[in-house]
Each structure stands twice: as C-alpha cells, then as structure tokens.
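Structure, as structure tokens:
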C-alpha cells in the first residue's frame, strides 16, 4: 500500500488528479520577498507575549459567553427568550470575525497604534457598560457592537504582528499566542462563579475589566511592527475564489464547524443548570471546556504536520459529532456524562481555531492566502451571527414539565458537525483524490 505525502501547499494551477504535490511551503514563502525575519530572540518573543496578552481579553470573552448567557437569562434579561438573548452574543461574534476582515488591511496601511490603542479602550469600556447594563439594548450596543468591534481591533493586529517577526517558527509562535483565549476562558468564568454571589455580578464584570485593562496595557507596551506600511492595501475578500470547488467546499466546512462550536460554548452551562447541576459547577463547565481546548489546539496540530491537516480535520469533526450525539444528547441529569462531554468536546473542537486557517493556506498560493482567508472568515462571520439565535429558537420547544427541551439543539450541533466532516472529505478528495494520502 502506497501512502502519498501531500502535506504541502497545493497550487490551483496543478492537476490534482495525479496526486502530485508541490514543494516545501516554507521554501516557497522564503521566495516571496527579500525580507529577513528574526525568527526568535528576546524582541520577537516579547511580541508573542504581547500578542498573548492581547488575546486574553479579546478571545477570552468569546469563550465566556456561555456563562454570560446563563446569568442574563436568569437575571437582567429573564423576561426575554433564549433566542433573543442569543443575538447579543452572535452579534459580538459577527463583529469579531467580520471586523477582523476589515481591520487587517487597515493594519497593513496604517500600522499598529491607530487600531490597538482605541481597541483596548473600547474593549474595557464595553465591559464597564456591561457591568451596569439592565436593558436589552444596552447589552446589544455596549457589549455586542462596541465590544465586538473593539475586540477585532485588538485581536487582528496582535496576530498580524507575529507575522512581522517569524517565518519558519510562525505556526509555533501563533499557536503559543492562541492559547491565551483558552486561558481567558478559564479565568473569567471562575471569577464570575466566585465573585457574583459575594460581590455581585457588576463587580465580577468590573474585575474582569480591570484584569483585561492590565493585559491590554502590557500588549501596548510589548507589541511592535517591523515591516514597512503598505498604503495601497485593499480589502481582502474575493467571492470569485469560491468558484474553485475544493476551496468552496473547505469554506463551507469551516463555516459549519464554527457554527456548531458556538452551540455547546453558549448553552452547555444553561443545559447543566436545567438538569440539576449547581450554579458554581455549571458555570465552571466553560472553564473545563476551555482548559481542554488548549490541549486540543496543540496536540492535534502536532499530528496534523505528520498525518495531514485535512485528515485531522476530518477525524476531529467526526469525533465532535459522535461525542455530541452519543454523550451530550443522552446525558440528561448525569453530571459525570456532562463533565466528560465538556472535557472531550473541548479537546476535539480545538482544531476549529488552530487548524482551519492552516487548511486554507494548504490549498492557496502564498500571495493569495490573505484574500482567501478573508473570504472564508467573512462567510464564517455570517454563520456565527445566526448560530446562537437558531439554537435558541429550538429551545422554545418545551417538555411537558415546562422545562426547555435541549434535544433539538443538541441534534442540530451533532448533524452540523457531521455535515462539516463530509465537506472536509469532499474538499480533500477533490484536492488529492480518494486514496490514503497525508494531506
């Protein structure tokens, strides 16, 4: 049995039916220009630390939306449906992803400070507004709009700065920085569960705001650029690239896994509380899931470089579907099963953040990656916009006892992961054929 190794970038001009592969993508990137990258040293790694500090608040808040949703549904917004509350967090996610598509070219054209500093100020302001908000529109404007846009202004430049300092070790450096979102997703839910009862929810959120302010100040002090500005930079969305079948299939798969990821991330704490789990442990489910996802962003990535990035995405999306339908769906009041789901799902879903962009790069020319990445995540932003409200609408179907019925929501999550798995298989097959191949 011959096992072909096709783990490098596949250029659109090649005839993929032969199963041929192109050369080392790192060599190709070295030929893109005359830039010399430090690829290490205290200054370069201090930029990674600065990026990490920027991602703790910006992506950490995204990983805390399950706790936010559960609290608001029982307190300030208890008269609103879960679907209506879901729009608050879907809109936040939309601005985070869609805003990043717009912020990237602005960073290339105008540099770091005009984006990072206002973004940090806006992010802290959004948390302070969140802490005093009582009405629906206040959460929508203060957190969803201001917080989402500000987070994209913090997150996107912090990632882009790493690319200014690293080439050969870029994936490692970016992966290290990306663990910050999981760390924030561990710290923030624990703070809320421990401080909300003693100090009150407003002061719990303000404490998160103060911690975020400290991390933002560190990011401003540490982040630096080194590549000249490109004032001719344009927007990075090209819908015409979707005419390429394997790219359109991959984009659809990524949209679906981000859609499905938000459902447990948002509704697992509420599900646990509705089935008898105590508030503290239910809120800490988000921390458990995020802690597991940190490992899930590193370990599958290690094997992806050896077994193939697309292959790992197929495996992880399939396993996410299985644990959702076979473990979460029948768990009911079984707290051990709910905890096991949080751990397993957190681990296997981590590739949605770490490997999905790598798959886009693998079937793109280096010079086209920015455009194709922007196109993909422009569509992902639409998926994240509708995911939580759709899941919330399914909760309107109640049991005979009057409790929310999570069955439809869980089945939707599992089926969407299954569809994503099929699309990854199809995109891989169109790229390198249907045999056993490292791709």
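The values are calculated or read from the model by the stated rules, or taken from the named source; none is laboratory data. Please read all numbers here as calculations on a predicted model, not as lab measurements. Ideal geometry is used to build each Cβ from the backbone, glycine not excepted, and the neighbour counts take in all protein chains shown.
Observations
- Test: residue in region 155-174 that is under 21 Å from the mean Cα position of the chain (by Cα) and at pLDDT 90 or above: no
- From the list 317, 286, the one residue that fits, being farther than 24 Å from residue 428 by Cα and surrounded by 19 or more Cβ atoms within 10 Å (Cβ to Cβ), is 286.
- Within region 187-208, considering residues that are within 23 Å of the chain's Cα centre (by Cα) and surrounded by fewer than 22 Cβ atoms within 10 Å (Cβ to Cβ), the one farthest from residue 118 (Cα to Cα): 190
- Pair list, Cβ under 9 Å, 6 or more apart: region 260-284 residue in contact (Cβ under 8 Å) with a residue 24 or more places away in the chain and on the phi > 0 side of the Ramachandran plot, other residue in a helix (DSSP H, G or I) and surrounded by fewer than 24 Cβ atoms within 10 Å (Cβ to Cβ): 276/335
- Exclusive hit being surrounded by fewer than 19 Cβ atoms within 10 Å (Cβ to Cβ) and either in contact with a helix residue (DSSP H, G or I) (Cβ under 8 Å, 6 or more places away or on another chain) or at pLDDT below 80 (or both), set 351, 375, 399: 399
- Residue that is modelled with the highest pLDDT [pool: residues in region 62-105 that are within 20 Å of residue 185 (Cα to Cα) and not in a helix (DSSP H, G or I)]: 64
- When region 302-338 is filtered for residues that are free of Cβ contacts under 8 Å to residues at least 60 places away in the same chain and touching a helix residue (DSSP H, G or I) at 6+ places or on another chain (Cβ under 7 Å), the ones remaining, listed by number, are 303, 304, 312, 316, 319, 323, 327, 331, 337.
- Where a residue in region 146-172 is more than 15 Å from residue 45 (Cβ to Cβ) and its partner, wherever it lies, is modelled with pLDDT under 90 and outside any helix (DSSP H, G or I), with Cβ under 7 Å and at least six apart: 157/112
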